[in-house]
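The values are calculated or read from the model by the stated rules, or taken from the named source; none is laboratory data. Quick caveat, the model's predicted, so the values are computed rather than measured. Here Cβ is always computed from backbone atoms with ideal geometry, including for glycine, and neighbour counts include all displayed protein chains. Heads up: the accessible areas ignore ligands, DNA and RNA and are worked out on the full protein's heavy atoms, side chains in. Shrake-Rupley method; radii C 1.70, N 1.55, O 1.52, S 1.80 Å.
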Amino acid sequence: MIDDRGLTTRCVHAGETPDPTTGAHGVPLYQNVTYAFRSADHVEAMRAGEAPHFTYSPRGNPTARSLELKLADLEGAETSVAAASGMAAIAATLLTLVRGGGHIVASAELYEQTRDFLQCDLPQHGSSATLVDARDLAAVAAAIGPATRALYVEPFSNPALHVVNLPALGELARSREIPLIVDNTFLSPALLRPLEHGADLVLHSATKYLSGMGQTQGGFISGRRDLAEPVRETMLRLGGQMPPFAAWMLLAGVKTLPLRMERHSGNADRLARLLATDPAVAAVNYPGLETHPEHDVAARLVGVGPDRFGGMLSFTLRGGPPATRRFLNALEMCTIAVSLGDVATLVWPWAGRDLIRMSVGIEDAADLERDVRRGLAAADMPSRANALSEPTPAD
Ligand SMILES: Cc1ncc(COP(=O)(O)O)c(C=O)c1O
């Protein structure tokens, strides 16, 4: 049955019904390992597929199952598989696709662990990957060979916020009979549902926006049953399944996803515009800015408006690494930390790249602007920052 209710409604209700035994509203945490059968006949009926029944929690758990049903609904997918982390989802997917020595064509701009997995781990399993600029369709087409098993991209890339043309890549992948795999961690299904734009599988680090609170690790693989269910089998053999407690926390997190994404996006849009007009800033990467080279491509994916382009941005200061240090040290509210998708704003200086990545939180925009202005003043003019932070006599 197609769920034609709005996305916010589905975030709250999809995959959930009151507990049939107790009437508990809200999916209970099934923190147990094994499941009892009434009789030998019951076991046989389960094995014959006549009596669906949970057997062993690592193979399937009612709490995690509810979450999988919710995610499948949100993505518009036939099925969704919950994993222990984003990397568990990514590694299991890639290993399943390259079975027997396949090749992956992937974007060169990716979360660094994913890139390392493609470049360092796949060769150890007799497989390989070619990394290309996925904004360049001709380069992607040229990299696909007879052994290529999939095309792999992040629509808004980590950390430079490059945007790829998903429908065009989907068409290319289809013409070469390979699936398009999309890591949609930066946007979440509240802003982009890649299966509607030509993708065959969608991956997530649920550790980020799906959780929203920075308290839970998780990952997802969603898409067609014939592609996603074999990944579940690989993942189970690798021991990468999501524990029930994480699933229970994520059921709560996902309920507020659209509200948070709207706020993250609105705040990021305001900060991107502030940064773009500040003399201390050399470049801002935010696809919502009309000056972003792929703004039109991005708008075709996520729509138009200040609350559509997500909460992630990155930027470079004119003063280079010393200015970056001054900027970070002057911040009073934003936290210097890795990770992203938290309700609190996190900033991180990229190693080996003159880039500050900002995961913009849901705080009041005025407070964020004040903190970023404080950082920019310090980056630009240390003496001005000192004057700003000096207590007045009334303090
Ligand atoms: C875009 C992206 N994909 C995947 C991951 C990996 O997720 P996890 O840390 O949950 O394994 C991350 C982590 O930062 C990420 O940024």
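Once the convex hull of all Cα atoms in the chain is built, its volume per residue stands at 160 Å³. Calculate the length of the line joining the C-alpha centroid of the stretch 142-200 to that of the stretch 271-316, in whole Å. Between the Cα centre of the stretch 142-200 and that of the stretch 271-316, the gap is 21 Å.
A simple spin-label model places pseudo-atoms 7 Å from Cα toward Cβ; at T34 and A160 they are separated by 5.3 nm. Each Lys and Arg contributes +1 and each Asp and Glu -1, all at the Cβ; summed about the Cα centre of the stretch 215-353, the dipole is approximately 200 debye. For the chain, averaging the sequence separation of C-alpha pairs within contact (under 8 Å, six or more residues apart) and dividing by the residue count gives a relative contact order of 16 percent.
Carbon and sulfur: what percent of the stretch 258-386's accessible surface (1.4 Å probe)? The partial results should precede the final answer.
Working: 2880 of 5430 Å².
Result for the stretch 258-386: 53 percent of the exposed heavy-atom area is carbon or sulfur.
Take the chain and mark each of the GluC sites (Glu not before Pro) that is in a DSSP loop with at most 15 other Cβ atoms within 10 Å; the longest unmarked stretch, sites excluded, is 178-289. Under the criterion of Cα pairs below 8 Å and six or more residues apart, the relative contact order for the stretch 258-386 equals 28 percent.
With both partners inside the stretch 7-255, how many of the DSSP beta bridges are antiparallel, as a percent to the nearest 5? Please list the in-between numbers first.
On the way: 13 of 28 bridges.
About 45 percent, rounded to the nearest 5.
In the context of the full set of protein chains, residues of the chain present 44 Å² of accessible surface per residue (probe radius 1.4 Å, heavy atoms only). Taking the accessible area of the stretch 7-255, probe 1.4 Å, and keeping the other protein chains in place, the carbon and sulfur fraction comes to 53%. In the elastic network of the chain, a GNM with C-alpha springs shorter than 10 Å, the most mobile of F245, F156, F186 is F245. Our helix-only sum for the chain, with -39,500 (n - 2.57) per DSSP H run of n ≥ 4 divided by its residues, gives a mean residue ellipticity at 222 nm of -11500 deg cm²/dmol.
Can you pull out the trypsin sites (Lys or Arg not before Pro) in the stretch 1-108 that DSSP calls coil and that have at most 10 other Cβ atoms within 10 Å?
R38
Look at where the Cα atoms of the stretch 354-378 and of the stretch 32-101 average out, and the two centres are 41 Å apart.
Restriction of the trypsin sites (Lys or Arg not before Pro) in the stretch 275-361 to DSSP coil positions whose beta-carbon has at most 16 other beta-carbons within 10 angstrom yields R318, R353.
What share of Cα pairs, in percent, lie more than 27 angstrom apart in the stretch 258-386?
Values: 1064 of 8256 pairs.
Tail fraction, whole percent: 13.
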